[in-house]
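Enquirer: The structure that follows is given in the form of structure tokens.
The values are calculated or read from the model by the stated rules, or taken from the named source; none is laboratory data. Quick caveat, the model's predicted, so the values are computed rather than measured. All Cβ positions, even for glycine, are placed from backbone atoms using ideal geometry, and neighbour counts span all protein chains on display.
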Amino acid sequence: MDHGKKIKAPLETAGILGNKCTRRSFLRGLSIAAAAGSAGLVTGGCGSVASSEEAKLKWQEFFKKNYRLMTQEEKEATVERLERLAKLQRGLDIQMSNQEPINNVLYGYAFNVTRCKGYMDCVAACVKENNLDRRLKTQYIRLFELAPGQLDPTSGDGKYYHEVPVKDKFYMGVQCFHCENAPCIRACPTKATWREPDGIVVVDYDWCIGCRYCLAACPYWGRRFNWGNPIVPKDEINTKQHYLGNRMRWKGVMEKCTFCIQRTRQGKLPACADACPTGSRVFGNLLDPDSEIRFVLRNKKVFRFREELGTDPKFWYFMD
Amino acid sequence: MNILSLRFIFLLLLPAVIFLNCQLAMAGHDSVLELIHAADQPFDNMQIESAYQLPVKTVQSKESYQGGAFRVLARKDDIGRYRCSVCHTKKKSQARDGALIAHGDIRINHGQGENELSCIECHDRQDRDFLVDMEGKKIDFDHSYQLCGQCHFRPKRDWLGGAHGKRVTYWAGERVVMNCTSCHNPHSPAFKTKMPETYSLPLDE
């Protein structure tokens, strides 16, 4: 059992501004610098050790726009800056992408409640792929162990840890359903979260103010909040990142499942679907009549969780 | 027109007004189902160039799915002592402990009670390099779905379509799916019980 297992590898904290420098201390330093009239050396409150290059990059990062308002050049510039900052601050060689959605693609997901055995390989793969906080054990996916005849996870056990599958139980996974009519998007006061043209609901971490309205608005518990700086051992960080996906988050921002945007936009399956040993997870293009997901919708008994709310999720459950 | 007929007209119109309001509340974009029903043109999966080059050996399937031909993972390379006919000859084997170095460890747990399968129900008695179905047709090890499908026809139908089994790595590009034997041990096909890979913390209530 790894309940008591401690992370032994060197710990890395996240954040564009580093762990020593918060927005507040940055601004405080900025005002002091401005008051002193030393406009040439504007590094905020954390520039004492930082190189001038790092300070310049941070400065430019601080005043960038919302991702949706950026031009293509601005997107490329910020991605480049973030790659350089990761190198300067933590010695990480990351490859960050700002890959755009593919035309005529709308991602959809189907989950086979008959086949799932509750092995939780999906959860482990998701944590690894998306650089999720190892300290507070943030997980985008939650598997529930349910008694037969129930199709509502609230009646199930979401924290089981015993040999699975248990006889006469079945398993149902819950994650962000990427609703077409998503309540979380309308709840956001800063427009930091939106639905991309390929149907993925994403968060611009730099515009999130951490008010957690979206968390309250989501009827599916699909969103996660960073109560502290997420901690991922340096050698476990996934360096293939996407600006709207698994790049490192920091204290005080929301995050969520992005259907592994860094993988799916390259034609790959999300990490959970790829890791599933039972084939319970079907992922594909809803706009392609030949896709697997369309076959499931045509030929299987499907239902959506809390469909009556009108959120129009793109995540179906089906049974054999 | 008296007040009564006006009230009547109002009552008639009321559901329509409520319905329209609901429609407006949902407006802004089409629902997923509308989008799906509108999409009837096949998507060119080969346009996504990053979805190629699997580092595994695949073979062209002998059957097709709704999108036409597809590929399945090859099996023969994973069979430790293929070709079987190297040992299974007409000659009597002289090797000491032959059963141990070969596959004497295989225990069949496939089929229940009286219907438990024996080796030769799937393996060809004459030509050990092939499987054989109930009609006596030889089946290649790479195409075991043809054999499994004769009993498990519903899973096979779902597998062909994509509701059973899974694709390998990519949702786009050429369709490559896992074979029956990629996930199921043919001699003991049911999934085993085991400890989960990780665990979740309790929800705050």
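Enquirer: Return the residues of segment B:94-115 that are over 18 Å from residue B:84 (Cβ atoms) and touching a residue at least 12 places away in the same chain (Cβ under 8 Å); say none if nothing qualifies.
Expert: Of everything in segment B:94-115, those that are over 18 Å from residue B:84 (Cβ atoms) and touching a residue at least 12 places away in the same chain (Cβ under 8 Å) turn out to be B:107, B:109, B:110.
Enquirer: Looking only at residues in segment B:69-100 that are closer than 28 Å to residue B:157 by Cα and of a type in the set (Gly, Ala, Ser), which one is surrounded by the fewest Cβ atoms within 10 Å (Cβ to Cβ)?
Expert: Per the stated criteria, the residue is B:69.
Enquirer: Among the residues that make up segment A:231-250, is at least one of them touching an Asp or Glu at 6+ places or on another chain (Cβ under 8 Å), in contact (Cβ under 8 Å) with a residue 24 or more places away in the chain and either more than 16 Å from residue A:131 (Cα to Cα) or within 13 Å of another protein chain (Cβ to nearest Cβ) (or both)?
Expert: No, the conditions are met nowhere in segment A:231-250.
Let's see how each residue does on (1) surrounded by fewer than 18 Cβ atoms within 10 Å (Cβ to Cβ); (2) of a type in the set (Phe, Trp, Tyr):
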residue: B:141; (1), (2): no, yes
residue: B:153; (1), (2): yes, yes
residue: B:157; (1), (2): yes, no
residue: B:166; (1), (2): no, no
residue: B:177; (1), (2): no, no
residue: B:181; (1), (2): no, no
residue: B:192; (1), (2): yes, no
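Enquirer: So residue A:296 clears everything in (1) away from chain B (no Cβ under 11 Å); (2) part of a helix (DSSP H, G or I); (3) touching a residue at least 40 places away in the same chain (Cβ under 8 Å) except one condition, right? Which one?
Expert: Just one mismatch for residue A:296, condition (1).
Enquirer: Tell me, which helices (runs of 4 or more DSSP H) wholly within segment A:179-292 include 2 or more residues that are within 30 Å of residue B:160 (Cβ to Cβ)?
Expert: Output list reads A:261-264, A:271-275.
Enquirer: OK, next. What pairs come up if the first residue lies in segment B:149-166 and is facing another protein chain (nearest Cβ under 8 Å), the second is among the basic types (Lys, Arg), and their beta carbons are under 7 Å apart, counting only those six or more places apart or on different chains?
Expert: B:163/A:300
Enquirer: Take residue A:283 and decide whether it is facing chain B (nearest Cβ under 7 Å), more than 24 Å from residue B:189 (Cβ to Cβ) and either among the polar types (S, T, N, Q) or surrounded by 24 or more Cβ atoms within 10 Å (Cβ to Cβ) (or both).
Expert: For residue A:283, the condition - facing chain B (nearest Cβ under 7 Å), more than 24 Å from residue B:189 (Cβ to Cβ) and either among the polar types (S, T, N, Q) or surrounded by 24 or more Cβ atoms within 10 Å (Cβ to Cβ) (or both) - is met.
Enquirer: Of all residues in segment B:39-68, how many are surrounded by 15 or more Cβ atoms within 10 Å (Cβ to Cβ), more than 8 Å from chain A (Cβ to nearest Cβ) and either over 20 Å from the mean Cα position of the chain (by Cα) or among the polar types (S, T, N, Q) (or both)?
Expert: Result for segment B:39-68: 2.
Enquirer: Can you tell me which residue among A:191, A:167 is touching an Asp or Glu at 6+ places or on another chain (Cβ under 9 Å) and among the charged types (D, E, K, R)?
Expert: Among A:191, A:167, only A:191 is touching an Asp or Glu at 6+ places or on another chain (Cβ under 9 Å) and among the charged types (D, E, K, R).
Enquirer: Looking at segment B:160-173, can you tell me whether even one residue there is within 22 Å of the chain's Cα centre (by Cα) and hydroxyl-bearing (Ser, Thr, Tyr)?
Expert: Yes; the residues of segment B:160-173 include at least one that is within 22 Å of the chain's Cα centre (by Cα) and hydroxyl-bearing (Ser, Thr, Tyr).
Enquirer: Here is a check on your reading of the model: is residue B:76 within 13 Å of chain A (Cβ to nearest Cβ) and either without any contact (Cβ under 8 Å) to a residue 60 or more places away in the chain or farther than 24 Å from residue A:280 by Cα (or both)?
Expert: Considered against the rule, which asks whether it is within 13 Å of chain A (Cβ to nearest Cβ) and either without any contact (Cβ under 8 Å) to a residue 60 or more places away in the chain or farther than 24 Å from residue A:280 by Cα (or both), residue B:76 comes out as no.
Enquirer: What's the number of the condition residue A:310 fails, among (1) within 13 Å of chain B (Cβ to nearest Cβ); (2) at pLDDT 95 or above?
Expert: (2)
Enquirer: Another one. I'm trying to understand the selection: among the residues of segment B:186-205, which are touching a His at 6+ places or on another chain (Cβ under 9 Å) and assigned to a strand (DSSP E or B)?
Expert: The one that is touching a His at 6+ places or on another chain (Cβ under 9 Å) and assigned to a strand (DSSP E or B): B:188.
Enquirer: Restricting to segment A:106-126, and then to whatever is more than 7 Å from chain B (Cβ to nearest Cβ) and among the β-branched types (Val, Ile, Thr), can you tell me which residue is farthest from residue A:239 (Cα to Cα)?
Expert: A:114
Enquirer: Looking at residue A:151 and the list (1) closer than 19 Å to residue A:220 by Cβ; (2) at the interface with chain B (Cβ under 10 Å from one of its Cβ atoms); (3) part of a loop (DSSP other than H, G, I, E, B), which single condition is not satisfied?
Expert: The failed condition is (2).
Enquirer: Right, next: Condition first: farther than 19 Å from residue A:272 by Cα, aliphatic (A, V, I, L, M) and buried (at least 23 other Cβ atoms within 10 Å of the Cβ). Now tell me which residues in segment A:161-203 satisfy that.
Expert: A:182, A:192, A:203
Enquirer: Also, quick follow-up: Taking residue B:37 as the residue in question, decide whether it is under 30 Å from residue B:170 (Cβ atoms) and at pLDDT below 80.
Expert: no
Enquirer: Could you look through segment A:56-79, keep only residues that are buried (at least 17 other Cβ atoms within 10 Å of the Cβ) and over 22 Å from the mean Cα position of the chain (by Cα), and pick out the one that is nearest to residue A:207 (Cα to Cα)?
Expert: A:58
Enquirer: Right, here's the next one. Taking the criterion of being assigned to a helix (DSSP H, G or I) and within 30 Å of residue A:262 (Cα to Cα), would at least one residue in segment B:161-175 satisfy it?
Expert: Yes, because at least one residue in segment B:161-175 is assigned to a helix (DSSP H, G or I) and within 30 Å of residue A:262 (Cα to Cα).
Enquirer: Also, I was wondering about something else. Would segment A:204-214 turn up any residue that is over 21 Å from residue A:123 (Cβ atoms), in contact with a strand residue (DSSP E or B) (Cβ under 6 Å, 6 or more places away or on another chain) and surrounded by fewer than 16 Cβ atoms within 10 Å (Cβ to Cβ)?
Expert: Scanning segment A:204-214, I find at least one residue that is over 21 Å from residue A:123 (Cβ atoms), in contact with a strand residue (DSSP E or B) (Cβ under 6 Å, 6 or more places away or on another chain) and surrounded by fewer than 16 Cβ atoms within 10 Å (Cβ to Cβ), so the answer is yes.
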